[in-house]
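Input: a single structure, listed below in structure tokens.
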Amino acid sequence: TNQRMEVYAVIDALRTYSTVVDEHGAPLPIEIVSDSTYVVNCFRDKWWVKWERNGWKNAKKQPVANEDLWKPLIELVKSSDVTFRWVKGHSGDRMNDLVDALAVAAVPR
């Protein structure tokens, strides 16, 4: 699903860049910029804290969707200096438009 891909993209980015360090060996801060409210709001609104506290149940007492991806992502975020910023998709943000074009071009036809 789109949501799984959105979460996985952040996992992949953090796995790739969380090993980048400064000249003293300290990890560099990472800003995730995304048009995914699903991802950004999870961290902005701390949904994951409630999920952990509630045994991975959502507000409706149902299992959290994509728990298998959220858990490793949350661990990566906890172990790094990560911030999240939302941008509106398809709105003229140069980098968001570029990433969208790359994703579309990567789809097999």
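Sort out which residues of the range 54-109 are at positive phi and at pLDDT 90 or above, and write them in order of number. If the condition is that a residue be at positive phi and at pLDDT 90 or above, then GLY55, TRP56, LYS61, ASN66 are the ones that fit. Yes or no: VAL77 touching a helix residue (DSSP H, G or I) at 6+ places or on another chain (Cβ under 8 Å) and of a type in the set (Val, Ile, Thr)? So VAL77 passes the test.
Just one of the listed residues (GLU31, GLU75) is surrounded by 11 or more Cβ atoms within 10 Å (Cβ to Cβ), within 15 Å of the chain's Cα centre (by Cα) and acidic (Asp, Glu), namely GLU75. If the condition is being charged (D, E, K, R) and surrounded by 10 or more Cβ atoms within 10 Å (Cβ to Cβ), then the range 89-99 contributes ASP93, ASP97. Going by the structure shown, is ASP68 open to solvent by less than 80 Å² (accessible area, probe 1.4 Å), charged (D, E, K, R) and without any contact (Cβ under 8 Å) to a residue 12 or more places away in the chain? In short, no. Here VAL99 does not fit the description of being in a helix (DSSP H, G or I), of a type outside the set (D, E, K, R) and either in contact with an Asp or Glu (Cβ under 8 Å, 6 or more places away or on another chain) or touching a residue at least 24 places away in the same chain (Cβ under 8 Å) (or both).
Any residue at all in the range 9-17 that is more than 29 Å from SER91 (Cα to Cα), surrounded by fewer than 17 Cβ atoms within 10 Å (Cβ to Cβ), more than 10 Å from the chain's Cα centre (by Cα) and not basic (Lys, Arg)? Checking the range 9-17: not a single residue is more than 29 Å from SER91 (Cα to Cα), surrounded by fewer than 17 Cβ atoms within 10 Å (Cβ to Cβ), more than 10 Å from the chain's Cα centre (by Cα) and not basic (Lys, Arg). Residue count for the range 73-93 satisfying the condition of being in contact (Cβ under 8 Å) with a residue 60 or more places away in the chain and either touching a Gly at 6+ places or on another chain (Cβ under 7 Å) or within 12 Å of VAL10 (Cα to Cα) (or both): 4. Within the range 40-55, the presence of a residue that is under 18 Å from ALA103 (Cα atoms), aliphatic (A, V, I, L, M) and open to solvent by less than 40 Å² (accessible area, probe 1.4 Å) is excluded.
The values are calculated or read from the model by the stated rules, or taken from the named source; none is laboratory data. Remember, it's a predicted structure, so these values are computed and weren't measured experimentally. Every residue, glycine among them, receives a Cβ derived from its backbone with ideal geometry; neighbour counts consider all protein chains shown. For accessibility, only protein heavy atoms count, side chains too; no ligands or nucleic acids. Shrake-Rupley method; radii C 1.70, N 1.55, O 1.52, S 1.80 Å.
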